[in-house]
Amino acid sequence: MQFQQLQYFVAVAETRHFTRAAELVHVAQPSLSQQIKALERELGADLFLRARGNITLTDAGEALLPLARRILADADTARHEVLELAQLRRGRVRLGATPSVCTGLLPDVLRAFHDRYPGVHLLVEESGSHDLVRHLARGALDLALVVLPLPSPSPALTTVELLREDLVVVSSPEAPAPGGEGRTVRIADLEGERLVMFRHGYDLRELTVAACRAEGFEPEFAVEGGEMDAVLGFVRAGLGVAVVPRMVATRSGRGLRVTALARPGLHRTIALAHRSDVAPPRAARELQRMLLER
C-alpha cells in the first residue's frame, strides 16, 4: 500500500468522480484509475461500485476511508513538525520594531536568539508603529514591537504587552540643565526650552507634544525630523533637549545628561504584535517566546 494510493482513494471517495478526483490531485485520470486498481488488488477487495455516472463506496471502501484520512492527516502533521524543526536550523524571522526599541531592547535579545539559532536569518524593519501595523496586516512581517495604544486599533492583530517604560529628558552636559539642577524636571519646565524633535509619525513625537500641550504651551523645536540616533547626536551637540525612553538613554547615555521626569512622569507601553488569523512561523514563535521571557 502506497501513500499516494491513499491520496487518490480519498480524492475519489470525496468527489465520487474519477476525472474530478484526478484533477484534484493533479494526475492523469488513467494513472489514478490504475493506482486505485493496484490498491484494490493489494487489499483483496473492491473499494468502489462503478456504475455509469454513479461511484459509491463498497463496505471495504467505507471501512478504509476514515483510516486513510487519519493516515494522511498524521503524515501532514509529521511533515509540518519536521519542517518547523528545520526552520530553527535555517528559515527566517521578519521582525518590525520602532527605532527606539531597536536601540534599547532588541540588541541583547537578538544576540541570544542568534547564538541559539545561528542558521535563522533575521530581517529587522525599523519604522513607526503606524507603518509596522500596516506591514503586519499585509503579511510583510511575522512579528512587530509596537507602542500602545495602536494608532488605529485593528481586530486582525493580537498584541501582548511586553514592558512599560519611563521616559526621561536628555541634554548636553555643557548646556544649562533643563529646569535647573534638580534631580527631576517637570514637563512644564520644558516651556522655553528648544526641543530636538523626532519626525512626524514617530510615537515619541506625538507623546511629547501632547504632554506639552496638556501643560498649556506649544513646544519649540530647535531641529526636527530625525530618527533616534540623529536626535541623540543633535542633543550631544547642544542643539536642544529631547524626551527619550530610559532604556535608550541608559544605553546611549555617554555624552548626555539624563534627567528623570517628575511624577507622574511620562511612560509608554511596548507590545509584541502579530496577525490574529495566521500563526507566526516556528522560528518567529521562538523569538516571541524569548522576548516575553527576557
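The values are calculated or read from the model by the stated rules, or taken from the named source; none is laboratory data. Only a predicted model underlies this, so the values are computations on that prediction, with no experimental measurement involved. Please note: Cβ atoms are built from the backbone with ideal geometry, for glycine as well, and neighbour counts cover all protein chains shown. We work out accessible area using only protein heavy atoms, side chains counted, and drop any ligands, DNA or RNA first. Shrake-Rupley method; radii C 1.70, N 1.55, O 1.52, S 1.80 Å.
Of note:
- Fraction of accessible area attributable to carbon and sulfur, segment 246-294 (%, probe 1.4 Å): 49
- Summary value for segment 194-294: 25 percent relative contact order, contacts being C-alpha pairs under 8 angstrom separated by 6+ residues.
- Summary: within the chain, the longest segment free of GluC sites (Glu not before Pro) located in DSSP loops with at most 12 other C-beta atoms within 10 Å is 1-173.
- Extending 7 Å from Cα along the Cβ direction at residue 14 and again at residue 41 yields two label points whose distance is 2.8 nm.
- Electrostatic tally near residue 37: other residues with Cβ closer than 15 Å to its Cβ, Lys and Arg +1, Asp and Glu -1, net -1.
- Nonpolar atom fraction for segment 6-72, defined as the carbon and sulfur part of the 1.4 Å probe accessible area, stands at 50 percent.
- When you work out D = kT/(6 pi eta Rh) for segment 15-103 at 10 °C and 1.306 mPa s, using the Kirkwood radius from C-alpha pairs as Rh and the Stokes-Einstein form, the result is 94 µm²/s.
- Only the Cβ atoms of Lys and Arg (+1) and of Asp and Glu (-1) were treated as charged; on that basis the dipole of segment 136-259 about its Cα centre amounts to roughly 280 debye.
- Near residue 266, once Lys and Arg are set to +1 and Asp and Glu to -1 for all other residues with Cβ below 14 Å from its Cβ, the sum equals +1.
- Sequence-distant contacts, meaning Cα pairs under 8 Å at least 6 residues apart, place the relative contact order of the chain at 21 percent.
- Solvent-accessible area, 1.4 Å probe, carbon plus sulfur percent, for segment 80-169: 52
- Relative contact order for segment 98-248, counting Cα pairs under 8 Å that sit 6 or more residues apart, in percent: 28
- At most 16 other Cβ within 10 Å, DSSP loop - trypsin sites (Lys or Arg not before Pro), segment 92-201: 138, 183, 186, 199
- Here's the picture: charge each Lys and Arg Cβ at +1 and each Asp and Glu Cβ at -1 in the chain, and of 217, 128, 7 the one pushed furthest to the positive end of that dipole is 7.
- Segment 217-294: mean projected area of Cα convex hull, nm²: 8.4
- Taking trypsin sites (Lys or Arg not before Pro) across segment 29-79, the ones in a DSSP loop with at most 14 further Cβ atoms lying within 10 angstrom of their Cβ are 52.
- Within the chain: Cβ-based charge dipole about Cα centre, in debye rounded to nearest 20 (Lys, Arg +1; Asp, Glu -1): 580
- Mean accessible surface per residue for the chain, computed with a 1.4 Å probe while every protein chain stays in place, in Å²: 53
- Per residue, the convex hull spanned by the alpha carbons of the chain comes to 170 Å³.
- About the Cα centre, charge dipole magnitude for segment 1-146 (Lys/Arg +1, Asp/Glu -1 at Cβ), debye: 300
- Calculated [222 nm] ellipticity per residue, helices only, for the chain: -13500 deg cm²/dmol; basis is -39500 (n - 2.57) per DSSP H run with n ≥ 4, divided by all residues, nearest 500.
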